[in-house]
There are 2 protein chains.
Amino acid sequence: MFEFIVEATCGPARAGRLELPYGTVETPAFMPVGTQGTVRALSPNDLRGVGATLVLANTYHLHVRPGEQIIARLGGLHRFMGWDRPLLTDSGGFQVFSLAGTRRVDEAGVEFQSHVDGSRRTLTPEGATEIQWLLGADVAMALDHVVPGEADRATARDAAERTLRWLDRCAQRHRALATGGPAGGPNGPGADPPGLQTLRPILQGGTHVELRTEGLRQMLELGAWTGLALGGLAVGEPKPVMHEVLAALEPRLPPALPRYLMGVGFPEDLVAAVERGVDLFDCVAPTRHGRNGSAFTADGPLNIRNADYREDPRPLDVSCDCEACTAVSRGYLRHLFVAKELLGLRLLSLHNVRYLIRLTAEMRAAIRRHAFGSWADEWRRRYLPARPR
Amino acid sequence: MFEFIVEATCGPARAGRLELPYGTVETPAFMPVGTQGTVRALSPNDLRGVGATLVLANTYHLHVRPGEQIIARLGGLHRFMGWDRPLLTDSGGFQVFSLAGTRRVDEAGVEFQSHVDGSRRTLTPEGATEIQWLLGADVAMALDHVVPGEADRATARDAAERTLRWLDRCAQRHRALATGGPAGGPNGPGADPPGLQTLRPILQGGTHVELRTEGLRQMLELGAWTGLALGGLAVGEPKPVMHEVLAALEPRLPPALPRYLMGVGFPEDLVAAVERGVDLFDCVAPTRHGRNGSAFTADGPLNIRNADYREDPRPLDVSCDCEACTAVSRGYLRHLFVAKELLGLRLLSLHNVRYLIRLTAEMRAAIRRHAFGSWADEWRRRYLPARPR
């Protein structure tokens, strides 16, 4: 369980297979984000239909509403969401630092104000671990301290070091829960499938490679992890800087651990990150942009609200097999957006998630035939020159 | 084509089969309403999945936006909506009289103000017929003059008589289109399947049985219709009054024509109307109420927002096979509504449409085994006593 097998490589790019309690995930893989326990506008059947194998849910949101106790009493997050494939929960760190109102960080944890009811709450490393244990996802993440993309060295260092100290506390609590956790919840006795969860660390350090390198060294000393995440990237720093950090870190990352780049989800960023050895991604971009009428296509992004599409009989993306692309025309999809119909939000969300999942499948195939570089050149030639149409 | 075969009866209740260009509809049947060319929040796959065979779209809404010309150029309404099964378009009369702003009726037609952009528009019997011809649904409806449910005799008589005069003009124009219609559009040459559409009359007359009886006599003289609709009911009059009108009319309705009761869609109203010989129904209730959190269940309606359901692990309706009822719990559905998630709107809409379609299937089965009365008693014992929970 939690085994990761790299099946093919092409330079730093890897194609692999990740075994989790609820199923197998082929990598590179994109995780749709189920912020509040639902990938916005998409149902479990939709997600299976577009080939999603791993879904992310937000610990912060589910803790605030409806609360992990209710989810545990309803059989855990898999059953709650009606999702019988692998799940990953983030630690809540990113949301606390980006979304909650006033917050105060100290060594104990972070105090924040709920965005739902304004109540004061505290998230500690131990608490974040317990919440995720009750939620019962296949993969839990350790609580991290996230700083903005352009944070100076001292700020980034402080947060990265705190994240490491918190990681140790998360891991201790996770071990305690796994060996003698409370009865009840999806990981309690009699759970089916047997309660199993792995906890994974998040590397911080901003854009400072030497902080990341030192943090990685310490992180690897702290435990025998089944994978690791790169946090604090794609949070405002220029993209070339993110690419430099990824390229500099790649040779130092243990090849046997799956690498999850948090919060990355634009097609061009996925390709650039796989090129630099990343295996897993999550992002709200496909659903959020879909709700704004923006669609990824083989020929680059387009916005379906554009008047050019009013009488366009073509599918949204001729190469796609999703319901939006096979059942109706661009003209109809534009009508749905102009008429403010819910179906438009859903069909474009569905399409964008399908697009990213097909993109990861194409990347896997290109890596397996040892042709990732030429595939990526070809992909960029078609996708990138296009301006929003 | 357009053949209707009554296959079984049980008192006035009938089970039949309606042949339309895009497929067969078993009756009694409920039509989900695709107001703007989409059954709100549901996709073509969803509709097929819940067993919808006939969908209604609103001529008024589609005329105002995006316009019938655009839909015709995009291949007609079936292709526009991605719906390969039978379609019916209403005449626009009900929307003009209930939804548009200031309006002026005269013998020529009705002038109204678009609810979208405030522009002044005119709908004539000929125009309504032409719009529907361009849309290309299997069944078109003649333009009618709708009055409120409690309209006095003089008002109801005036509207009913005008509706009959308009019917004759609609029929003339429809014949002209069918024998030498304009090229292009779904009914033009080369259309696949061959352009075919039937036009059906709507009987008005408010709650005044003698007006309806006389109107029916004149209507049947005006043409060899393939079906007829009862309009101007379920528009504010007390339910017992509607039931009396239906019961009084039933013996006078030609048995060979399918009878469509417009705008009726609550479970108890469907059962009462089938009991009085009605074959077809449409209503926005299942989707509109679904979006408000209200669900039909075997044990009566419930509202999923109710705090009682917060930790309820049961399915919404244990007897239902839709995705809402098979994938997730009431507790999860409540969470979706409390958290304002789009998936909640959709899952309850899906369930309510599925509920009505299963209800019509149950009624068909009860009629075929000549046990509709006892089935209806049993159904009411379970459904009706329940108060909103």
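Some points to look at:
- Normalising the average separation of contacting C-alpha pairs (under 8 angstrom, six or more residues apart) by the number of residues puts the relative contact order of chain A at 18 percent.
- Based on C-alpha pairs under 8 angstrom that are at least 6 apart in sequence, segment A:274-358 has a relative contact order of 36 percent.
- Each label point was placed 7 Å from the Cα along the Cα-to-Cβ direction; for B:A8 and B:N292 their separation is 3.5 nm.
- Sequence-ordered 3J(HN,Hα) estimates for segment A:154-170 from the Karplus curve with 6.51, -1.76 and 1.60 and θ = phi - 60° stand at 5, 5, 5, 5, 4, 5, 5, 5, 4, 4, 5, 5, 5, 4, 4, 5, 4 Hz, glycine and proline given as x.
- Across every pair of non-identical alpha carbons in segment A:110-166, the mean reciprocal distance, once inverted, gives a Kirkwood radius of 13.0 Å.
- Contact order normalised by residue count of segment B:39-157, Cα under 8 Å, 6+ apart, percent: 27 percent
- For segment B:97-175 and segment A:295-323, distance of Cα centres in Å: 36 Å
- Residue-averaged beta-carbon neighbours from other chains (10 angstrom radius) around A:35-47: 5
- Across chain A the C-alpha pair distances fall into 20 Å bins from zero in the proportions 28, 59, 13, 0 percent.
- Mean-square fluctuations from a GNM of chain B, with a 10 angstrom spring cutoff on Cα atoms, peak among B:L343, B:L56, B:L211 at B:L343.
- Cα centroid separation, segment A:21-92 to segment A:210-250 (Å): 25 Å
- Label point 7 Å beyond Cα along the C-beta direction, distances from A:Q113 to other copies (nm, shortest first): 4.4
- Cβ-vector label at 7 Å, A:P385, separations to other copies in nm: 7.4
- Sparse-neighbour loop sites [trypsin sites (Lys or Arg not before Pro); segment A:285-359; at most 13 other C-beta within 10 Å; DSSP]: A:K340
- Converting the Cα gyration tensor eigenvalues of segment B:251-389 into ellipsoid dimensions via √(5λ) gives semi-axes, longest first, of 30, 16, 12 Å.
- With the simple spin-label model, which puts each label point 7 Å out from Cα in the Cβ direction, the A:R153 to A:R175 separation comes to 3.4 nm.
- Summed residue charge, Cβ within 11 Å of B:P238's Cβ, Lys/Arg positive, Asp/Glu negative: -2
- For segment A:89-186, applying the loop criterion from DSSP together with a ceiling of 16 other beta carbons within 10 Å to the GluC sites (Glu not before Pro) yields A:E107, A:E150.
- Magnitude of the charge dipole for segment A:1-59, about its Cα centre and with charges confined to Cβ atoms of Lys, Arg (+1) and Asp, Glu (-1), is about 180 debye.
- Segment B:262-362: GluC sites (Glu not before Pro) in DSSP loop, at most 16 other beta carbons within 10 Å: B:E311
- Averaged over the residues of A:125-132, the number of partner chain Cβ atoms lying within 10 Å of the residue Cβ comes to 0.
- The distance between label points at A:E210 and B:D377 comes to 9.0 nm (points 7 Å beyond Cα on the Cα→Cβ vector).
- Table column - 3J(HN,Hα) (Hz), segment B:288-304, Karplus curve with 6.51, -1.76, 1.60, x for Gly and Pro: 4, 5, x, 5, 8, x, 9, 10, 6, 9, 4, 9, x, x, 9, 10, 5
- Histogram of C-alpha separations across the protein assembly as shown, 10 Å bin width, %: 3, 13, 21, 21, 16, 12, 9, 4, 1, 0
- For A:L203, residues with placed amide H under 5 Å, excluding near neighbours: A:A229, A:L230, A:G231
- Tensor-based shape of segment A:44-169 (alpha-carbon gyration tensor, a/c under 1.5 rounded, otherwise prolate or oblate): prolate
FYI, it's all coordinate maths here, none of it is from the lab. Remember, predicted model here, so these are calculated numbers, not experimental data. Cβ coordinates were reconstructed from backbone atoms using ideal geometry, including for glycine residues, and neighbour counts include every protein chain displayed.
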